[in-house]
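The values are calculated or read from the model by the stated rules, or taken from the named source; none is laboratory data. In this text, all values refer to a predicted model and were calculated from it rather than measured experimentally. As a convention, Cβ positions derive from the backbone with ideal geometry for all residues, glycine included, and neighbour counts pool all protein chains shown.
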Amino acid sequence: MAETLTSETLAKLLASLDPDRERAGEKYEKLRSTLMRYFQWRNAPHPEEQADEVLDRVARKLGDGVEIRNIGGYCYEVARLVRLEALKGKDSKRASLDPNHQDVAVVDRASEAREKELYMTCLEECLSSLPADSCDLIIKYYQDDKRDRIERRKLLALSLGLQGEALANRAQRVRDKLERCVTRCLREKRR
């Protein structure tokens, strides 16, 4: 961790979430909870610490004067980087401590492949258990990349007669339901 979080940078983060301090606090907790789920879903060893690290980094950026238009999206990208850093650190520690690291890596890749296959099986089962409109919504919502995704979401919101924020909220509710289903499925299949 680079530097500690100051009350000034935390205040800037809260202000970027909502001008009303109480609502900002609620949004902060919701964002932190979403980040913890992100790390938990990806089997991170310390989801709470990693979620805090993401929020600290974002707050420091705001404290440095960086303008962030979409805090949620920015936090997601920082979370992705924090996760990659943790994975790199884990691999480098394993390599320095284990003289048979290559053998371990092969086993890890096979285990990772089985885990990914299990995850995909659960995801497909859970998607098929959703109501058709929810399944269609979540697939369309996360389809495409970058600019194409933005345009698709605008069209999707328009076709459903929703504002962008309402569409995002609806997609988040479906995603939360899907995450719970996948987590439950993985737990059952690993027994």
Subject >> Checking Ala166 against (1) surrounded by 12 or more Cβ atoms within 10 Å (Cβ to Cβ); (2) on the phi > 0 side of the Ramachandran plot; (3) over 19 Å from the mean Cα position of the chain (by Cα), the condition it does not meet >> reply: (2)
Original post:
Can you tell which of Arg42, Arg83 is surrounded by fewer than 16 Cβ atoms within 10 Å (Cβ to Cβ) and in contact with a Lys or Arg (Cβ under 8 Å, 6 or more places away or on another chain)?
Top reply: Arg42
Original post:
Going by the structure shown, is Ala105 in contact with a His (Cβ under 9 Å, 6 or more places away or on another chain) and at pLDDT below 85?
Top reply: no
Subject >> Residues being modelled with pLDDT under 85 and either in contact with a His (Cβ under 6 Å, 6 or more places away or on another chain) or surrounded by fewer than 13 Cβ atoms within 10 Å (Cβ to Cβ) (or both) - total across the stretch 67-80 >> reply: 3
**OP:** Restrict the check to the stretch 49-66 and report whether at least one residue is modelled with pLDDT of 80 or more, surrounded by fewer than 12 Cβ atoms within 10 Å (Cβ to Cβ) and either within 14 Å of the chain's Cα centre (by Cα) or in the same structural domain as Asn169 (by TED's automatic domain parsing) (or both).
**Re:** no
